[in-house]
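The values are calculated or read from the model by the stated rules, or taken from the named source; none is laboratory data. All of these numbers come straight from a predicted model, not from anything done at the bench. Don't worry about glycine lacking a Cβ; one is built from the backbone with ideal geometry, like all the others, and counts go over all protein chains shown. Remember, those area values only see protein heavy atoms, side chains included, never the ligands or the DNA or RNA. Shrake-Rupley method; radii C 1.70, N 1.55, O 1.52, S 1.80 Å.
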Amino acid sequence: MPKNTAAAEAEVKRRSMFQESMHRLVQNKLAMTGLFILVIITVLCLCAGIICPEGYDHQDVLNKFVGPCREYPFGTDSLGRSMLARILYGGRNSLKIGVMATAFSGVVGTVLGAVAGFYGGRVDNIIMRTLDIFSAIPNMLMAIAVSSALGGGLINCIIAIAISGTPQIARTVRAPILAVKEQEYVEAAREIDASDARIIFRHVLPNVLSPLIVTLTSQVAASILVATALSFLGLGIQPPEPEWGALISNSRQYIREYPFLVTFPGLAIALTVLSMNLFGDGLRDALDPKLKN
Amino acid sequence: MARYIAKRLLLMIPVLLGVTFLIFALQLITPGDPARLMLGDEATVADIEAWHASHGLNDPFLIQYIKYIWNIITKGDFGISWRTGKSITTEVVSRWPTTFLLALLTTAISVILGLLFGITAAKKRGTWIDSLVRVIAMIGVSMPNFWFALLLILLFSVRLKWLPVSGFYGPKYWILPCMTMGFLGAAGQMRMTRSSYLDNMGADFVRTAKAKGQTEAVITRHHILKNALIPIINTACAAFAMNMGGSTVLEQIFAIPGLGTLMVSAINSRDFPQLRASVILIATTVSVMNLVADILYAAVDPRVKAGFKKSGAKKKKTEKKNTEGEMKHA
């Protein structure tokens, strides 16, 4: 059917770069599975109030250390609190930290990287050498040092993780900017007297979008891992507020008798991070098919 | 080569000074007065003044920092503990080898496993072996290390009773911690090795080598692996930094007497000088290992050295940036 093929070809040609990428993404089964799991986990955590109306702090004193059963699908902890409720409410905190910390470092890192790359010279040197110092300290260590200085709590935890994630974002943004800032269309924009801000946002930054999106996705996953580790050490979210890492840390002493107290929160972390990584990989392949092998 | 190493060493100094300054400056954002924290609510104003004076906290911040650095450089003295008032240098320095050895060992395990499985997956690309290895690696990079450690304890110590749960008294106690970080690190290393190996497998020089009838073994070793090695060294270096930084969590779980456990106890007792010294020591170790990696680059990749010779450090830096940029996308 030649007519159909021609129509299909015209269809293909009409697609923009963005649509083309999205099409590739939707075709990727693993990435879609990741996205699907991620959406389910997010919705479950957001609906924690509906699924577990009694809240994460309700103690059923007569039913401590109950194994998974119909009433308590994930069992109960040392105080008789439903693990399902604690995992769902804890997920809110973990996801919040992952997303907010990444958003924070995304904004700061993009601005720093864009300024450094666009202006070059001394500004570039100052910004990048400062970031070199920040990235000389391993991420986990940086987060530990900052959050132990600031103290525990949601906001401090977000700040600590955001600081440790910023240098990588700045580098991701800076590299493509260095490549495009000498291009003719940037020069042309400058000739017609466009402001620096307009050139950066309108002509330069769009080139950065796809590596930035890819880095941000993987950073959300990494941030969640750091956040849970901080809470595991007792630095992040403070009790009685639940958090995935803190749940594992609290249940550690009962690992011999009641291993399910450790396995379920860990499974929640691993599943979330895994689905994010799957989606992130798919996104990378879709946005930059050259890199796919 | 000697000049190259010397220059890299010189470049490291400002970074290390910056790192120590950054860590030192953290005390500026710490809420509350450390003297009040250490001495308790009953302390009089005079007590607090005396405590400030004896811990050198009355000097301006910059003077404090310069004194601190001067003492570390000239005497190797990391100051005194806020909690006990005793010198912390011996404690910190005696714990360093454990953390360093553990990080080195786990990195070695992950590099060996990662290379082995990465190359296998690349060679068997598209088969079920490739898919299996990739799925396992994907799960590996998604697992929180403390949870994986607990699962290993559950299996090998609680269920099978093969290995001790925690402590650090002999070779038996090293197995579980090394397995935890070694396996998880191997996952990342494998992903990198696979993609880097595949990149080079399709390269023109490999086709040329095949066309002239070169044996498979020589092509693998000489043409592909040597070129694939640069991003692999990069990931190995990142893994080492991660293992050093992640030592806090790992040592806490297995009760290993290294810098990590010292840091956790310092955090719990709000003993900032002790935390500071540990962080500085770990960051310095990571920086030195980065330098070693840079020297390794120059050793495996003549382009790096040649670029350096021609136009000094500048060219070298851009080249390194390029490999870093490529790494991010891999």
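Projecting the Cα positions of B:Asn227, A:Leu46, B:Ser131 onto the charge dipole of the protein assembly as shown (unit charges on Cβ atoms of Lys, Arg, Asp and Glu, taken about the Cα centre) puts B:Asn227 furthest along the positive direction. Segment A:167-190 and segment A:225-252 have Cα centres separated by 40 Å. Shown here for segment B:17-98: GluC sites (Glu not before Pro) in loop regions (DSSP other than H, G, I, E, B) with at most 16 other Cβ atoms within 10 Å, namely B:Glu42. Shape verdict for segment B:48-89, please, from the Cα gyration tensor: rounded (a/c under 1.5), prolate (a/b greater than b/c) or oblate. Note, shape of segment B:48-89 comes out oblate. Note on chain B: with charges restricted to the Cβ of Lys and Arg (+1) and Asp and Glu (-1), its dipole about the Cα centre is near 1960 debye. Between helix A:139-150 and chain A there is an angle of about 70 degrees, using the helix long axis and the longest principal axis of the Cα atoms.
Working note: Karplus 6.51/-1.76/1.60 with θ = phi - 60° gives segment B:177-187 the couplings x, 5, 4, 3, 6, x, 5, 5, x, 4, 4 Hz, where Gly and Pro are set to x. Taking every alpha-carbon pair within segment B:95-309, the share separated by more than 26 Å comes to 45 percent. The packing ranking, built from the mean of other Cβ atoms within 10 Å per residue, places the peptides A:117-125, B:96-104 in the order B:96-104, A:117-125, highest first.
Taking 37 °C and 0.692 mPa s as conditions, segment B:99-224 diffuses translationally at an estimated 201 µm²/s according to Stokes-Einstein applied to its Kirkwood radius (Cα pairs). Evaluated at q = 0.09, 0.11 Å⁻¹, a Debye calculation over the C-alpha positions of chain A (equal weights, vacuum) places log10 I(q)/I(0) at -0.56, -0.77. Between the listed residues B:Phe24, A:Ala246, A:Val273, the Cα displaced farthest toward the positive end of the dipole of the protein assembly as shown, a dipole computed from Cβ unit charges relative to the Cα centre, is found at A:Val273. Scanning residues 5 or more positions from B:Trp82 or on other chains, those with amide H under 5 Å from its amide H are B:Phe272, B:Gln274, with H placed 1.01 Å from N in the peptide plane.
The alpha carbon centroids of segment B:95-117 and segment A:83-117 are separated by 30 Å. A crude spin-label estimate for the pair B:Leu37 and A:Glu257, with each label 7 Å from Cα along the Cβ direction, gives 3.5 nm.
Taking only the alpha carbons of the protein assembly as shown, we obtain Rg and Dmax values of 26.0, 95 Å in that order. Taking N as the residue count of segment A:154-219, its C-alpha radius of gyration divided by 2.2 N^0.38 Å amounts to 1.38.
Expressed as an acute angle from 0 to 90° and rounded to the nearest 10, what is the orientation of the C-alpha long axis of helix A:2-14 relative to the principal long axis of chain A? Once rounded, one gets 90 degrees.
Calculated [222 nm] ellipticity per residue, helices only, for the protein assembly as shown: -24500 deg cm²/dmol; basis is -39500 (n - 2.57) per DSSP H run with n ≥ 4, divided by all residues, nearest 500. Proximity of backbone amide H atoms, modeled 1.01 Å from N, is registered between A:Arg81 and A:Asp60 at under 5 Å, excluding neighbours fewer than 5 places apart on the same chain. Here B:Lys212 is the anchor, and the aspartates and glutamates within straight C-alpha reach of less than 16 Å, apart from those fewer than 8 places off in the same chain, are B:Asp204. Putting +1 on Lys and Arg Cβ atoms and -1 on Asp and Glu Cβ atoms, find which of B:Phe168, A:Gly67, B:Gly114 reaches farthest to the positive end of the dipole of the protein assembly as shown. Ranked along the dipole, the leading option is B:Gly114.
Here the 3J(HN,Hα) profile of segment B:230-236, calculated from phi with Karplus coefficients 6.51, -1.76 and 1.60 at θ = phi - 60°, is 5, x, 5, 4, 4, 5, 4 Hz, Gly and Pro shown as x. Normalising the average separation of contacting C-alpha pairs (under 8 angstrom, six or more residues apart) by the number of residues puts the relative contact order of chain A at 25 percent. Look at the stretch B:243-250: the mean tally of other chain Cβ atoms within 10 Å of its residues' Cβ atoms is 5. Accessible area of A:Arg24 (1.4 Å probe, protein heavy atoms only, ligands and nucleic acids ignored): about 80 Å².
Other protein chain C-beta atoms within 10 Å of residue C-beta, averaged over B:19-32: 3. Computed from point charges on the beta carbon alone (+1 for Lys and Arg, -1 for Asp and Glu), the dipole magnitude for the protein assembly as shown about its Cα centre is near 2460 Debye. The charge dipole of chain A, taken about the Cα centre with unit charges on the Cβ atoms of Lys, Arg (+1) and Asp, Glu (-1), comes to about 380 debye, rounded to the nearest 20. Helix B:128-142 and the longest principal axis of the Cα set of chain B meet at an angle near 10°.
When the P(r) is computed for segment A:18-116, the part past 19 Å accounts for 62% of the Cα-Cα pairs.
Accessible surface of A:Arg284, taken over heavy atoms with a 1.4 Å probe and every protein chain present, rounds to 40 Å². Here's the list of aspartates and glutamates a cross-link from B:Lys86 could span, going by alpha-carbon distance under 15 Å and ignoring same-chain residues fewer than 8 apart: B:Asp77, B:Asp271. Ranked by solvent-accessible area (1.4 Å probe, protein heavy atoms only, all chains present), the residues A:Met142, A:Met22, A:Met100, B:Met38 order from largest to smallest as A:Met100, A:Met22, B:Met38, A:Met142.
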